[in-house]
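Trainee: A single structure is presented below for examination.
The values are calculated or read from the model by the stated rules, or taken from the named source; none is laboratory data. In this text, all values refer to a predicted model and were calculated from it rather than measured experimentally. Reconstructed Cβ throughout: ideal geometry from the backbone, glycine too, with neighbour counts over all protein chains shown.
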Amino acid sequence: MGYFRCMLRNRVSLYLVLAGGSRGNGDGDEATTPALALGGEGGIVADLISCLEAVLEEKSGELAFPGLRQVFMLNNKDAIVRRAVRSDLAMFLLSGWARAREERMDRYIKSYLDVSWTPVMSRLAAVAAKPATVTVLRRRRDPLATFNSVLENACSAQRCWKVPRPVLRHVLRRTVSEHVMPAYRRCVEEVEQPAAVRTER
């Protein structure tokens, strides 16, 4: 986050430069937010942050594991928002700037869930879709063996992924749990249900 540190170290100069173009229109009207006079939507500071975000998006494309790109962007987007709104840079940003980033973070979480956990969920769906064969399969092997294997692979792949902020870790764990556990319970109930009961449906 050297990008942010640079802006914060030079925030006074940055304020003066931006304010220079927004001292009023000659009729006594003063601009309310200096940064909004220059640059694109939100001003130069917002443009600079957008450039940083674009670089991060580009870097995330180099990550190979499904879901890691979303986690990488989630971590960095969260860090950007927290550092911006808790610093003097907040005065240069539009009121809806942080909310727009939070909505992007929600999309990263949804995308992470889709990319990382859809393959796992598909194994549960495959077991639930063939209840008539479950009894036969149980004689030879656990019908959930494939699911357990894919689940273990997913957990092993993500074990070293870092989410430094505890709040984000909690959100990700809760989201995965709410997505996977209900489907898992339904599948287990279907597998353990006597064949006669399934036939009567």
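Trainee: With the checklist (1) in contact with a helix residue (DSSP H, G or I) (Cβ under 7 Å, 6 or more places away or on another chain); (2) at pLDDT below 85 in hand, flag the one item residue 192 doesn't pass.
Mentor: The failed condition is (1).
Trainee: Check whether at least one residue in the range 94-117 is at pLDDT below 90, more than 22 Å from the chain's Cα centre (by Cα), part of a loop (DSSP other than H, G, I, E, B) and surrounded by 19 or more Cβ atoms within 10 Å (Cβ to Cβ), and report yes or no.
Mentor: No, the range 94-117 contains no residue that is at pLDDT below 90, more than 22 Å from the chain's Cα centre (by Cα), part of a loop (DSSP other than H, G, I, E, B) and surrounded by 19 or more Cβ atoms within 10 Å (Cβ to Cβ).
Trainee: Could you list, in sequence order, all residues of the range 49-75 that are within 18 Å of residue 100 (Cβ to Cβ), surrounded by fewer than 19 Cβ atoms within 10 Å (Cβ to Cβ) and of a type outside the set (Gly, Ala, Ser)?
Mentor: Within the range 49-75, 51, 52, 53, 56, 57 meet the criteria.
Trainee: Also, quick follow-up: Would you check which residues across the range 150-194 are of a type in the set (A, V, I, L, M, F, W, C), more than 15 Å from the chain's Cα centre (by Cα) and surrounded by 14 or more Cβ atoms within 10 Å (Cβ to Cβ) and list them?
Mentor: 150, 151, 154, 157, 180, 183, 187, 188, 191
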